[in-house]
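Written out below as structure tokens is the structure these notes cover.
All of the numbers you see were taken from the coordinates with simple rules; none came from a lab. Everything numeric in this text was worked out from a predicted model, so none of it was measured. Note that we place each Cβ from the backbone using ideal geometry, even for glycine, and neighbour counts take in every protein chain shown.
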Amino acid sequence: MTEYKPEDYVNYRLQKAKDTILEVKTLIDNQFWNTAINRLYYACFYAVGALLIKNGVATASHSGTRRKFGQLFVKPDKISRELAKHYTELFEKRHKGDYNDFFDFDKETVLRLLPPSQDLISRIEELLAE
């Protein structure tokens, strides 16, 4: 059985974040707006997970991940409040799009959320490199 080190998980999650952002572009091209929101959220979730793992933090839920992210990286100003609010917005929109019936996002929403998602992943990548 393969034994993985924490850095293996960090690298895997960061790569998964980058790959997932690439998926979003295909979803946009095919007008799958709700799925694009879902993948934007998960791309950021994977990156946040990598950051937490790098810092020895384990979480058991999406809410726990958001809470620890806020405590350890937003409050000390390592991640801007603007990017943290974006992550929270993605969490809420992903939940709404995945679980609410008769609800659909639109192109404008997805295109508005793509750049800050990319920014959040880039900022996390910077922190991981420190």
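A few remarks follow.
- With θ taken as phi - 60° and the Karplus curve 6.51 cos²θ - 1.76 cosθ + 1.60 applied, the whole-hertz 3J(HN,Hα) list for the stretch 100-113 is 8, 6, 6, 10, 9, 7, 10, 4, 4, 5, 4, 5, 5, 8 Hz, x standing for glycine and proline.
- Placing pseudo-labels 7 Å out from each Cα toward the beta carbon at S61 and Y99 gives an inter-label distance of 1.0 nm.
- Selection from V74, Q15, V48 lying farthest towards where the dipole of the stretch 6-129 points positive, charges on Cβ: V74
- Table column - 3J(HN,Hα) (Hz), the stretch 3-18, Karplus curve with 6.51, -1.76, 1.60, x for Gly and Pro: 9, 9, 9, x, 5, 5, 5, 4, 5, 4, 5, 5, 5, 4, 4, 5
- Across the stretch 52-62, coupling constants 3J(HN,Hα) worked out from phi with the 6.51/-1.76/1.60 Karplus curve, θ = phi - 60°, read 5, 4, 4, 9, x, 10, 10, 10, 10, 8, 5 Hz, and Gly and Pro carry x.
- Using the Cβ-Cβ distance between E89 and D8 with R0 set to 25 Å, the FRET efficiency works out to roughly 0.25.
- Matching label, Rg/Rh (Cα atoms, Kirkwood Rh) computed from the structure shown, candidates (i) 0.98; (ii) 1.01; (iii) 1.31: (i)
- Net charge of Cβ neighbours under 12 Å - reference D106; Lys, Arg +1; Asp, Glu -1: +1
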